[in-house]
Each structure stands twice: as C-alpha cells, then as structure tokens.
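Worksheet for the structure shown next.
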Amino acid sequence: MSALRFSDTISAALADGTLIVTIDNAPVNALSADVRTGLMGAFEHAEKDGNIAGIVLTGAGSSFVGGADIKEFGKPPVEPHLPDVIARIEAFAKPVVAAINGVALGGGLEVALACHRRLAAPAAKLGLPEVKLGIVPGAGGTQRLPRLAGIAAAIDMIANGRIVSAAEALKLGVVDSVSPDTLLADAIADAKSTNAAALRRTGHLSIPAEAVEAIDKAASDALRKSRAQHAPAEAVRLVRLAASVSLSEGLAEERRTFIELRDSEEAAALRHVFFAERAAGKVEGLEAVAPRKIEIIGIVGTGLMGSGIALSALNGGYRVIGVEQNAEAAQKGRDRIAGLLDKAVQSGRLDAAGREDRSGRLTVTADMEQLEQADIVIEAVFDDLTVKTELFQRLDAIVRADAILATNTSYLDPDVIAAATRLPERVVGLHFFSPANIMRLLEVVNCRKTAPDVLATALVLAKRFGKLPIVSGVTEGFIGNRIFSAYRREAEYMVEDGASPQEIDAALEAYGFPMGPFAVFDMAGLEIAWARRKRQAATRDPAERYVIIPDRLCEAGRFGQKTGRGWYAYPDGKRTVDPEVTAMIETARAEKGIVPKSFTKEEIVSRLLKAMVDEGDALLSEGIAARASDIDLVMINGYGFPASKGGPMFAAGRR
Ligand code: T1G
C-alpha cells in the first residue's frame, strides 16, 4: 500500500482502489485546523485520482474523533471550517465509508454522519455531548442525526448529551453495521460494493415519520433534567426544526445558534469545568512516582459510608474485605451492600452478571485479622479521634508493612491520627461524600507525612473508583467543608443584618443552586454544627462576630427537617417559613441593636460568592488547594454550585 501525507495529522494509504484516510491527532483525534486542512487535501486528491474508487475514513489509536478541538474555542476560527469539510464529504461523488474504530463524539460523529456509510467497532461509543459544554452541535448533528434515527431519539441523544454504544447506534440506524474484528477490511469491502451512482447522503434523507407523543416525551424528559441550562432547550428546538425546514435552512440556524452559545458565559464556564476535571488529581512531580499495587481493599465499618465505599471499590474491580465489630454487624453490612447492588440493578446501572461478579469479590467479616491480606485499608468508623486512632494502632499490628491506611474523616486531623501509628508515611486521607457510591467527588488528603507513592496510589484508586479526585492539604474541613463553613457563616451574618433565610435561599436558587443554604442546613441537620460550635466555644475569639440564632434554634429543639422544624417548619414535609423563626431573628437583631437592611438577590449572591472566594484564596495561599479550578470542582461536585457558572473562583473572575 503506498502511503500519502496531507498534513501533520492526516495520512492515507491506497489499497485496491480504496483510499484509507487516517486521522492521527493524539490524544483524541480532535478536529484541529491541521486535521481539517489535511482532510480537504485528501478529498481533493481522491477526486482527481481515477485509480481511487472510494474512501474509508478512520482514526488512529482508541478514538475515531473525540470532537472539534475545544482548545480552539474562544480563538478566531481558522479555515477550513468544519461545516465546509463535512459538506465536502457528503457531496463527494465517490463512496465515503466511516470505519468508526473508537469514540466518535461531537464533530467526530458529525463527520461520520456526513459519510455515505458507517461501520463501527463493537467498543465504539457515539454521541453529540455538546450540551455538556453549554453548546449545541455546530456541524450538522441536529439536522443529520434525526434523518437517520428519528426526532425523538435525536432529541434524547443531543439534548441529554447521551453517548450510545455501537450496538445501540446500530439499532437506531446511526451506523449500518458493527464489525467485530475486521473493521477496516469490512469498510474497504463496503466502499467497493457501494454504488457511486446511488449514494445515500444523510442530509438528503427525509425525517422518518413517528408519533408526536414520543417526540414530546423525549423533549419534556430532556428539559426537566436541564434545569438552568440553555443549550438543551436549543438542542430540542433545532432537532424539531429539522422536520420542517430544508437541510440548508436547518444547518444555517444550527450554526447561528452554535456560535451564539459557544460565545456565552455558560459555555465558557462549562469548558472551564471540562479542562479543570482533566487537570484535577495531577500533582507536580508525582508523574514519575510508581503507585503501589492494589488488589485487595479492606474497609473497616460497613455502615452508610463504609457500604458506599465498598460498592465503589467493587465497581473498581477490586476484592473487598469489609470488617465489622461482630457477626451481627457484619451480617447487617453484608445486607446493606447487597441492598445497594440490588438498587443498582433495579436502576439499570448494573446487570445480573455484574451483580454476581461484585458479590463474588466481597467478604464481610468480624475477624479483623483477615486484613493481613489487604493492600490498603480504608476506615469508615465513627468520626471520633480516639476511635480512629485506636483502630489504626490495631491495624498497625495486623496489616503488612507496605499496606496503606486511609482515613475517611470529615473534620478530624489526619496528621494526628497518622502520628499515633507506627508508619505515618503510609497514612493518607480519603474524604468521601455521602452517598459514597454515588457522589463523584473524593478529597484525597495529602497528610504531612504521606509518602509520595502512597499519594500516587490513592489517586489511581480514586480514578478506578470512578471518582473525581481533588488533592487537599490538611486543614479543618479540608477544601469543601472549609469553604462551606465560610458560606454558612456569611449567610448567617446576612440573616442578622436583615435578609431572611427564605430570601437568601431564593437568591441562590435563582443563581443555579438546587437548594439555598438554609434549606441545606435543615436537610443536613443543625445539631452537627451546633456541637462543633460548643466544642470551640472556649477557644473562640471573643472579638469574632458570633450569630446566636442557630444556637437558639437548636436550644429550642429545632434541628432541621428530621425534627420537623429548623430554619423552616416542615408541616407534612413541606418547607414553609415559620413566624416563630422570624420572631427569633428579629429578637436577635434587636439585642445587637442591628437595624435590618434589605438586600437584592444580586447583593446576596455577590456577598456569599465573595465569602467562598476569600476562603478559596486563603486555601490557595496556604497551599491546601493546588489550583483555583480544584476549588471550583469541589464546590460544583460536593456542594451544588452550578456547573453553568464554573465554580466560585471562575465565577468571581468573570464578574
Ligand atoms: N478537544 C481538545 N482536547 C480534548 C478534547 C477535545 N474535543 N477531548 C479531550 N481532549 C483532551 C483532554 O483535555 C485531555 O488533555 C486529553 O484530551 C485526554 O482527555 C462542532 C463543537 C474523548 C471520551 O465533548 O469526552 O465537537 O489533560 O482525559 O478519559 O459540533 O476526552 O491530556 O492535556 O478526557 O480517554 C465535543 C470531549 C466537542 C468530547 C476521551 N466532544 N472529550 O476520554 O481522555 S465540541 C466532546 C471527552 C464539538 C461540534 C462541537 C473525552 C474522551 P490533557 P481525557 P479519556
């Protein structure tokens, strides 16, 4: 086969009259300017060369094409523009077959949709996830996908950014066949057998007829999930439009909408989150450090947190030994984990074989000696310093010297726990968020003595658990709870200054939080913070402003939702403003001689955002957080900060 090169990233080989064009732009074959230029060159060549009867388009490595090059967004667009490349492919006079060897996402799927035929490898994944970046497909996806899969399926995939397997793509008509292991050969054969005089151009197909109810349901399902974001609604509008306008009109409206959204604040925020997630968990100088081998994970405590952690570990493919204080508690732990597995099966997240496989890798015992086999032990016992320290001292005598000990504490100082053990350098913090099998966020606490390879191992484990690891230094509450405490403090100051809890909650919900702070405090329970305030009372700085109202709520037995009353009352479970609380607030203000002020929604958001950002700046200057984008990810993934705003540090930078 003779090799041809059309750009740094586009090469081709002629095989038996078929030009095999390969996109090779590591790491995901994004459609950079060089890729687009090379593709145009390859098609130019194929058009002129009479020996070429057809083209096969494929990707190098594990991706077909991971999408348009997101790194080019926000910069002046460079020709050739993607829609022009795509139009060139679809209009080509000779058969063009896509051999989808891996992920075909965004512009990658749009390129495939413009080909005349599509063959996929079984492991290929296909999707138009642009809404996750606050945009819509901008190169024909909203107009071509419905011509193959129908309006309802196209709405489901595009407005939800849902990625489908090759098998589902085949069922939907998005690909013509799935090739188990001879994808390229099959694609060449397909190109050769395709009649150039009767090419099936996707853009020229009419939209398949389907029930209006199915379309309306797909649309309402997608819009219900999208909450405050604009892109999903625009995606629904554009896909529906495909049924009533010509291809060129639809493409023009799609492009206009794409450009408008691409330049929006929301898209800038979501792009920030996308790159932040890829930067997270990277620690300067750790690249060269080899992580320890982990196969067996011990978990002491299989209560709410421990069972969630156990399921994450089982999902990560590990063997798990859960340990409880006695046989009865061990049985309860086994049942709790079995319940989580059943829920995963019922929700369709797990099939029966997967459940079987996980159960087969789980042991729950009262015999702590079994942990001598463990490569790491994660404790998820009662958050008390003595309990955790004594446990680690017991484990010191049971586990191997090269085993890691991880503490899942929220508020205790892991350095103190580590200092009480024989080998402090093997201790690391893993702060899971409840429910631990669902919440992606995992704060990996780099204690003062933690060895580099122990930290590297914890980061590998976090990824295998499917978590988003954020490295934190040791400070009370680590990154998330320290910022959340500042947020709570400022919210309480504002109540004392004149804003009501319901005004503050409404302002933050309008900004994009699923729940305002006082609703969250009531849901979490007021007694935890109250206990901590009482613990700290003796050492509190008398000069520091102190809001007495939360103490009074607790003294009145108002601990939040669970007691039916907190900052709000909850008659029949419905959150309502309680005049008793309003009176308590007014009394507390009067005692301090505060004349209540009124605040606009914007003032409320700005003041609470500033409280979070000031604490974030402190965490950065103290070296607790490695980068501002890590702080954004913690607040988005652990505390409901709207991703469409990018996180507190990003949002503050844009204001
Ligand atoms: N553009 C630029 N860089 C990208 C990229 C992209 N589309 N996708 C990934 N990267 C980088 C990423 O930042 C990281 O860089 C490295 O590749 C590995 O990524 C016109 C406008 C493809 C499933 O939304 O979902 O097409 O940290 O760690 O886990 O309508 O990346 O190494 O420097 O995620 O194997 C639509 C986004 C774009 C897909 C691979 N496409 N990417 O996952 O690797 S908009 C997407 C992903 C668009 C059109 C519109 C995943 C992946 P670094 P990674 P991975």
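Percent of accessible area on the range 480-651 owned by carbon and sulfur, 1.4 Å probe?
With neighbouring chains kept in place, the figure for the range 480-651 is 57 percent.
Answer rounded, prolate or oblate for the range 281-371, using the Cα gyration tensor with square roots of eigenvalues a ≥ b ≥ c: rounded when a/c is under 1.5, else prolate when a/b is larger than b/c, else oblate.
Details: a/c = 2.22, a/b = 1.33, b/c = 1.67.
It comes out oblate by the Cα gyration axes.
From the square roots a ≥ b ≥ c of the eigenvalues of the alpha-carbon gyration tensor of the range 43-82, which class results: rounded (a/c under 1.5), prolate (a/b over b/c), or oblate? Write out the running numbers ahead of the final one.
On the way: a/c = 5.27, a/b = 1.64, b/c = 3.21.
Oblate.
Could you please tell me the mean projected area of the C-alpha convex hull for the range 4-266, averaged over all directions and given in square nanometres to one decimal?
Reported value for the Cα convex hull: 12.8 nm².
Run the reach check for residue 48 against aspartates and glutamates, Cα to Cα strictly under 18 Å, same-chain hits fewer than 8 apart removed. What comes back?
Answer for residue 48, where 18 Å is the Cα cut-off: 16, 90, listed by chain and number.
Take each of the peptides 46-53, 93-100, 327-334, 118-125, average the number of other beta-carbon atoms within 10 Å over its residues, and list them starting from the highest.
Result, highest mean first: 93-100, 118-125, 327-334, 46-53.
Any chance you could check the Cα centroid distance between the range 430-454 and the range 384-424 for me, in angstrom?
Here the answer is 14 Å between Cα centres.
Sort the following peptides by mean Cβ neighbour count (other Cβ atoms within 10 Å, averaged over residues), highest first: 559-568, 153-162. Don't jump to the answer; show the numbers that get you there.
On the way: 559-568: 20.9, 153-162: 24.7.
Packing order, densest peptide first, comes out as 153-162, 559-568.
Near residue 597, which lysines are there with a Cα under 30 Å away, not counting those fewer than 8 places off in the same chain?
Residue 597 reaches 534, 574, 610, 645.
Quick check on the range 62-187: what are the equivalent-ellipsoid semi-axes from the Cα gyration tensor, as sqrt(5λ), descending, whole Å?
Output for the range 62-187: semi-axes of 21, 17, 14 Å.
Per DSSP H run of n ≥ 4, the term is -39500 (n - 2.57); total these for the chain, divide by its residue number, and report the mean residue ellipticity at 222 nm rounded to 500 deg cm²/dmol.
Helix-only estimate at 222 nm: -14500 deg cm²/dmol.
Any idea what the relative contact order of the chain is, in percent, if you count C-alpha pairs under 8 Å spaced at least 6 apart?
Once divided by the residue count of the chain, the mean separation gives 9 percent.
Just the number please: accessible area per residue for the chain, 1.4 Å probe, all protein chains included, in Å².
That works out to 41 Å² for each residue.
The range 128-159 to the range 17-41: how many Å between their Cα centroids?
Taking the Cα centre of the range 17-41 as reference, the centre of the range 128-159 is 23 Å away.
Quick one: check the C-alpha center-to-center distance for the range 241-255 versus the range 53-127, whole angstrom.
After rounding, the separation between the Cα centres reads 20 Å.
From the mean inverse distance of alpha carbon pairs (Kirkwood) and the Cα radius of gyration, derive Rg over Rh for the chain.
Across the chain, the Cα-based Rg/Rh ratio is 1.02.
Run down the lysines and flag those whose C-alpha is under 28 Å from the C-alpha of residue 171, throwing out any fewer than 8 positions away in its chain.
Once the sequence-local lysines are set aside, what remains near residue 171 is 94, 125, 132, 192, 217, 225, 343.
Any number yet on Rg/Rh for the range 521-655, C-alpha, Kirkwood?
Ratio of gyration radius to Kirkwood radius: 1.00.
For a quick protection proxy, order the peptides 533-546, 586-599 by their average other-Cβ count within 10 Å, most packed first.
Result, highest mean Cβ count within 10 Å first: 586-599, 533-546.
Find the relative contact order for the range 480-651 and round it to a whole percent, using C-alpha pairs within less than 8 Å whose residues are 6+ positions apart.
Here the relative contact order equals 29 percent.
Would you mind telling me the share, in percent, of accessible area of the range 213-311 contributed by carbon and sulfur at probe 1.4 angstrom?
About 59 percent, which is the carbon plus sulfur part of the accessible surface.
Could you work out the relative contact order of the range 4-266, using alpha carbon pairs under 8 angstrom and six or more residues apart, expressed as a whole percent?
Relative contact order here is 18 percent.
Quick one: putting +1 on the C-beta of Lys and Arg, -1 on the C-beta of Asp and Glu, what dipole do you get for the range 103-196 around its Cα centre, in Debye to the nearest 20?
In total the dipole reaches around 140 debye.
Past the 24 angstrom mark, what percentage of all C-alpha to C-alpha distances in the range 390-516 do you count?
Working: 3319 of 8001 pairs.
That fraction is 41 percent.
The values are calculated or read from the model by the stated rules, or taken from the named source; none is laboratory data. Values in this document were obtained by computation on a predicted structure and should not be read as measured data. Cβ atoms come from the backbone with ideal geometry, glycine included; neighbour counts cover every protein chain shown. For accessibility, only protein heavy atoms count, side chains too; no ligands or nucleic acids. Shrake-Rupley method; radii C 1.70, N 1.55, O 1.52, S 1.80 Å.
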